[in-house]
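Enquirer: Dropping the structure in here first, questions after.
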Amino acid sequence: MEYIEVDGSLGEGGGQVLRYSLALSALTLKPVRVFNIRAKRDNPGLRPQHLAAVKALAEVSAAEVKGASTGSMEVWFKPGRRVHGSLSINVGTAGSVSLVIQAILPVLLYSPGKSVVTVKGGTDVPWSPPVDYMSMVFTHNLKSMGVEASVRLVKRGHYPRGGGVVELRVKPVAKSLKPLNLVKREKPLKAVVVSHSVRLPRHVAERQASTAASLVERVLGIKPEVVVDAPPPERDTHLGPGSGVLAYVEAEPWVRLGGDALGEKGKPAEKVGEEAFRKLAEDYETGMAFDRHMGDMLIPYLFLAQGVSRIGVARITSHLTTALEISKLFFPGAEARVEGVVEGPGVVEVKSPGFQF
């Protein structure tokens, strides 16, 4: 069987190239060879957090894998069949559970039955969307395409110790996904600020929330609902310590845009709240329907949908353009184009025959 060849140094050249390539391989059941993995990085090749994604995708597609070892710069991935049911995936220490969920969800959507996946690892870690974003923004924005999936936080896990637990529930689709046509958001309906802290005084989460909420109300003109998640010391079983904030706005017709930030040693709680707000405000003020995180995460679903999709994104990131290039390799009958400049707002249009299963 012929392998699709993907140069791992494509685009931003990081772990994203590997995850998207293997995810689309597992979904379409087309074998793939990824080479030059992370070639542009100071420590090239597979790191433990990337191996976790490889193993997770192999599990949900009964794949044969060669080259899956630390430092390897080449992986051969040959999927067998899409798997469903009760699964358990351990990302290891503080490896991102969000990135694993991002990789396996499209595969589970086209599996023969419902799936409940327990993912263990880091829920709130740098360089990755936090679990609150995945559960409150990401899955919400996919609903209109026909995706029924939920992400439930069981236990938080912060860098570097991890120890988090998340439950992903997925109902398979019965037909091709619906195309998505939403360029500009309309008037705001509500705003929500979710602030958490573990193994830290409760006032850390409260101060993060207070700053983010006051900025949302003052600058965006929306009084937000505030949720503070800070277990008392006697019931705090997290490995911690850690904290973070998600602020999101829901706008007509149904879309949500979010901004997030993580606490770190020496970083004032007020600064964390302000950072989350700033990210949200930057994307919200473009008037586009989707924030920077959703921009690249939506791309595979646009190729799975039958018809023409057209979306507005707050920022055309290198992750977005890389996701487009990889998706085109697995869906050669699709057409895609981007209007706008890199790191600025823009419009993505994808015309696809959809995924037939």
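Enquirer: What number goes with the only condition from (1) in a strand (DSSP E or B); (2) modelled with pLDDT under 95; (3) open to solvent by 40 Å² or more (accessible area, probe 1.4 Å) that Met1 does not pass?
Expert: (1)
Enquirer: Still on this structure, I have one more. Can you name the residue in the range 324-348 that is without any contact (Cβ under 8 Å) to a residue 24 or more places away in the chain and closer than 19 Å to Asp283 by Cβ and is also surrounded by the fewest Cβ atoms within 10 Å (Cβ to Cβ) among such residues?
Expert: Glu339
Enquirer: Taking the stated definitions as given, is Arg19 among the basic types (Lys, Arg), under 17 Å from Glu325 (Cα atoms) and touching a Gly at 6+ places or on another chain (Cβ under 7 Å)?
Expert: no
Enquirer: So, in the range 322-353, of the ones that are modelled with pLDDT of 95 or more and β-branched (Val, Ile, Thr), which residue ends up farthest from Ser21 (Cα to Cα)?
Expert: In this case the residue turns out to be Val347.
Enquirer: Would the range 230-247 turn up any residue that is without any contact (Cβ under 8 Å) to a residue 40 or more places away in the chain and within 24 Å of Trp127 (Cα to Cα)?
Expert: So far as the range 230-247 goes, yes, one or more of its residues are without any contact (Cβ under 8 Å) to a residue 40 or more places away in the chain and within 24 Å of Trp127 (Cα to Cα).
Enquirer: Something else now. Where the second residue is in a loop (DSSP other than H, G, I, E, B) and open to solvent by 10 Å² or more (accessible area, probe 1.4 Å) and the first is among the hydrophobic types (A, V, I, L, M, F, W, C) and lies in the range 115-132, which pairs have Cβ atoms under 6 Å and are six or more apart or on separate chains?
Expert: From residues that are among the hydrophobic types (A, V, I, L, M, F, W, C), the pairs are Val125/Ala94; Val125/Tyr159.
Enquirer: For Ala56, all conditions in the list (1) under 23 Å from Ser176 (Cα atoms); (2) buried (at least 20 other Cβ atoms within 10 Å of the Cβ) hold save one; what is the number of the exception?
Expert: (1)
Enquirer: In the range 73-81, is there at least one residue being out of contact with any helix residue (DSSP H, G or I) (no Cβ under 9 Å at 6 or more places or on another chain), in a loop (DSSP other than H, G, I, E, B), open to solvent by 10 Å² or more (accessible area, probe 1.4 Å) and more than 16 Å from Pro106 (Cα to Cα)?
Expert: Among the residues of the range 73-81, at least one is out of contact with any helix residue (DSSP H, G or I) (no Cβ under 9 Å at 6 or more places or on another chain), in a loop (DSSP other than H, G, I, E, B), open to solvent by 10 Å² or more (accessible area, probe 1.4 Å) and more than 16 Å from Pro106 (Cα to Cα), which makes the answer yes.
Enquirer: Quick one: which residue in Ala26, Ala52, Ala39 is touching a Gly at 6+ places or on another chain (Cβ under 8 Å) and either assigned to a helix (DSSP H, G or I) or of a type in the set (D, E, K, R) (or both)?
Expert: Ala52
Enquirer: Inside the range 84-203, counting only strands (runs of 3 or more DSSP E) that do not spill past its ends, which hold 1 or more residues that are among the charged types (D, E, K, R) and surrounded by fewer than 20 Cβ atoms within 10 Å (Cβ to Cβ)?
Expert: Working: elements: 85-90, 115-121, 148-155, 164-171, 188-198.
Output list reads 148-155, 164-171, 188-198.
Enquirer: Also, quick follow-up: For the range 309-344, what are the residues that are touching a Ser or Thr at 6+ places or on another chain (Cβ under 6 Å), small (Gly, Ala, Ser) and farther than 20 Å from Leu257 by Cα?
Expert: Residue satisfying the conditions is Ala334 alone.
Enquirer: I would also like to ask the following. What about Glu12, is it in a loop (DSSP other than H, G, I, E, B), more than 27 Å from Asp124 (Cα to Cα) and among the acidic types (Asp, Glu)?
Expert: no
Enquirer: If you don't mind, there's one more thing I want to ask. Taking Ser327 as the residue in question, decide whether it is closer than 19 Å to Pro179 by Cα and part of a helix (DSSP H, G or I).
Expert: yes
Enquirer: Next question. From the list Ala230, Ala205, Ala212, exactly one residue is over 30 Å from Pro353 (Cα atoms), of a type in the set (Gly, Ala, Ser) and touching a Gly at 6+ places or on another chain (Cβ under 6 Å). Which is it? If you could, list the steps in order and put the result at the bottom.
Expert: On the way: Ala230 fails: touching a Gly at 6+ places or on another chain (Cβ under 6 Å); Ala205 fails: touching a Gly at 6+ places or on another chain (Cβ under 6 Å).
From the options Ala230, Ala205, Ala212, the qualifying one is Ala212.
Enquirer: Does the range 284-304 contain at least one residue that is surrounded by 22 or more Cβ atoms within 10 Å (Cβ to Cβ) and farther than 29 Å from Val107 by Cα?
Expert: So far as the range 284-304 goes, yes, one or more of its residues are surrounded by 22 or more Cβ atoms within 10 Å (Cβ to Cβ) and farther than 29 Å from Val107 by Cα.
Enquirer: Moving on. Return the residue satisfying two criteria in turn: it lies in the range 305-323 and is within 23 Å of Ile37 (Cα to Cα) and open to solvent by 10 Å² or more (accessible area, probe 1.4 Å), and of such residues it is nearest to the chain's Cα centre (by Cα).
Expert: His319
Residues checked against (1) among the hydrophobic types (A, V, I, L, M, F, W, C); (2) free of Cβ contacts under 8 Å to residues at least 12 places away in the same chain; (3) under 27 Å from Thr123 (Cβ atoms):
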{"residue": "Val6", "(1), (2), (3)": "yes, no, no"}
{"residue": "Ser21", "(1), (2), (3)": "no, no, yes"}
{"residue": "Val32", "(1), (2), (3)": "yes, no, no"}
{"residue": "Gln49", "(1), (2), (3)": "no, no, yes"}
{"residue": "Val75", "(1), (2), (3)": "yes, no, yes"}
{"residue": "Ser86", "(1), (2), (3)": "no, no, yes"}
{"residue": "Ala94", "(1), (2), (3)": "yes, no, yes"}
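The values are calculated or read from the model by the stated rules, or taken from the named source; none is laboratory data. Model, not experiment: these values are computed from the prediction. Cβ: placed from backbone, ideal geometry, glycine included. Neighbour counts: every protein chain shown. Accessible surface areas use protein heavy atoms only, side chains included; no ligands, DNA or RNA. Shrake-Rupley method; radii C 1.70, N 1.55, O 1.52, S 1.80 Å.
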